[in-house]
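> Mind looking over this structure? Questions follow.
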Amino acid sequence: MFIDIAKIKIVSGKGGDGKVGFHREKYVAAGGPDGGDGGRGGSVIFKVDDNLSTLLDFRYKKKYVAAPGEPGGGKRCKGKDGADLIIRVPRGTIIRDQKTGQVMKDMSDSEPFVAAKGGNGGWGNTHFATPTRQAPRFAKPGLPGVERDIILELKLLADVGLVGFPNVGKSTLLSMVSAARPKIANYHFTTLVPNLGVVSVGEEQNFVMADIPGIIEGASEGAGLGHDFLRHIDRCRLLLHLVDAAGSEGRDPIDDIEKINAELAGYSEFLAARPQIIVANKTDLLGDDRESVEKIRKYAEEHGFLFAELSAATNQGVKELMNLTWHELQQLPPVFIYEPEFVEVEEKAATENDWTIERDGDAYVVTGAWVDKIMGSVNIDDYESRQYMDRMLQSAGIYAKLEEMGIEEGAPVVIGEFEFEYVY
């Protein structure tokens, strides 16, 4: 099954918590704090795998979480870093931020991309020892990982794209000039997925050609199969626009050209401006009647397109078309690579004013990013650590606000994961 777009959630690993520990050794009195730092959380990293050609794996698994860092140990031992999570994608996959739609990375090269960095590990109590606080009984918790919703969009990497109505001979042409073996039959929508083939026109002279499933009128608005695969010709430097010169299905070739170009313009103005070679195919069915071919040639010249004629079924004119295609590619810029647009917005540092107090029955619930940060580094069982908490909450005006709200002695106060009775 060919899947070329997927939505997933990625979460990097949380940093390990710092350790509250003290040196214990025979004949060593008052060894002092020796709690180690927590390990860094694992990052989420994308890598290109050329053995993949679809995003099928992401249809069944939607959430990817990296390993957390391990907490610090005694004897100043740092916790083990969490393992990075490697996600493999096909070459040509574009990673977008789901919220903004901005491009984070175009996975067209072989460089790995860190989409979500793991959280840093917390400090052990060794860092908090001072001449006046020689036995700190608290440490810092590890920072949380990054959680992000992203869109994976596969855009094939091809120099040349074959476009045209269904059953005009695109698959036949690709099978004649490359080792690709797309399904070929005399009915519409034989090709249900894009096919790639490498075309060689000489020693070290080759290019990649993509056969895009038949585009029909209304494709840019969602009609037929072609609309699902228009994205795959975004990167193509040159389009070979095949038409049925014999009109074997009762359609006018000129009308076909205009309808397909209208669909390209409806999808993207950049795609509509892409260089084209108009290719009159199935000329073997015309016999001596050249009127249709000359009509297509005249139309192409009037609209600034190159023109070629061939019979893909009999191989007539195929070599000449490939040589013309190679010559045109030498004058065009390389395959288009999307530049990153996404700029990560750093969260504003929490201040002493980032908190709120709400009544929940008899209890007073204090919430806020700053409060969570303070309480995360408090050891509620340690007297010195509780004194630090009291000083911070008082300086932030939380106790004054509680008294303003009429709190009574003994009333429950909930701050983060902790609950205690209020004492004047």
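> Condition test on Gly361, is it touching a Phe, Trp or Tyr at 6+ places or on another chain (Cβ under 7 Å) and at pLDDT 85 or above?
no
> Now, a different point. Being open to solvent by 50 Å² or more (accessible area, probe 1.4 Å) and among the hydrophobic types (A, V, I, L, M, F, W, C) is the filter; apply it to region 96-144 and report the residue that is farthest from Leu156 (Cα to Cα).
Checked region 96-144; the qualifying residue farthest from Leu156 (Cα to Cα) is Trp123.
A quick yes/no check of all residues on (1) open to solvent by less than 50 Å² (accessible area, probe 1.4 Å); (2) touching a Gly at 6+ places or on another chain (Cβ under 8 Å):
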position	(1), (2)
Arg391	no, no
Gln394	no, no
Ile398	yes, no
Leu402	yes, no
Glu408	no, no
Ala411	yes, no
Gly416	yes, yes
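> Additional query: Looking at region 298-333 only, could you name the residues that are without any contact (Cβ under 8 Å) to a residue 24 or more places away in the chain and more than 23 Å from Cys236 (Cα to Cα)?
Those that are without any contact (Cβ under 8 Å) to a residue 24 or more places away in the chain and more than 23 Å from Cys236 (Cα to Cα): Lys298, Glu302.
> Tell me, please, whether a residue that is touching a strand residue (DSSP E or B) at 6+ places or on another chain (Cβ under 9 Å) and open to solvent by 80 Å² or more (accessible area, probe 1.4 Å) can be found in region 346-356.
Checking region 346-356: not a single residue is touching a strand residue (DSSP E or B) at 6+ places or on another chain (Cβ under 9 Å) and open to solvent by 80 Å² or more (accessible area, probe 1.4 Å).
> Given region 227-343, what strands (runs of 3 or more DSSP E) lie entirely inside it while holding 3 or more residues that are among the hydrophobic types (A, V, I, L, M, F, W, C) and open to solvent by less than 30 Å² (accessible area, probe 1.4 Å)?
Result: 238-244, 276-281.
> Sticking with this one: Does any residue of region 215-225 turn out to be modelled with pLDDT of 80 or more, touching a helix residue (DSSP H, G or I) at 6+ places or on another chain (Cβ under 9 Å) and not polar (S, T, N, Q)?
Taking every residue of region 215-225 in turn, none turns out to be modelled with pLDDT of 80 or more, touching a helix residue (DSSP H, G or I) at 6+ places or on another chain (Cβ under 9 Å) and not polar (S, T, N, Q).
> Tell me, which strands (runs of 3 or more DSSP E) wholly within region 1-88 include 2 or more residues that are modelled with pLDDT of 85 or more, in contact with a Cys (Cβ under 6 Å, 6 or more places away or on another chain) and surrounded by 20 or more Cβ atoms within 10 Å (Cβ to Cβ)?
Filter on region 1-88 gives an empty set.
> Looking only at region 101-146, filter to residues that are of a type in the set (Ser, Thr, Tyr) and over 14 Å from Gly72 (Cβ atoms); which one of those is nearest to the chain's Cα centre (by Cα)?
Looking at residues that are of a type in the set (Ser, Thr, Tyr) and over 14 Å from Gly72 (Cβ atoms), I get Ser108.
The values are calculated or read from the model by the stated rules, or taken from the named source; none is laboratory data. These numbers come from a predicted model, not from an experiment. When we count neighbours, we look across all protein chains shown, and the Cβ atoms used for this are built from the backbone with ideal geometry, even at glycine. Note: accessible area is taken over every heavy atom of the protein model, side chains too, but ligands, DNA and RNA are not part of it. Shrake-Rupley method; radii C 1.70, N 1.55, O 1.52, S 1.80 Å.
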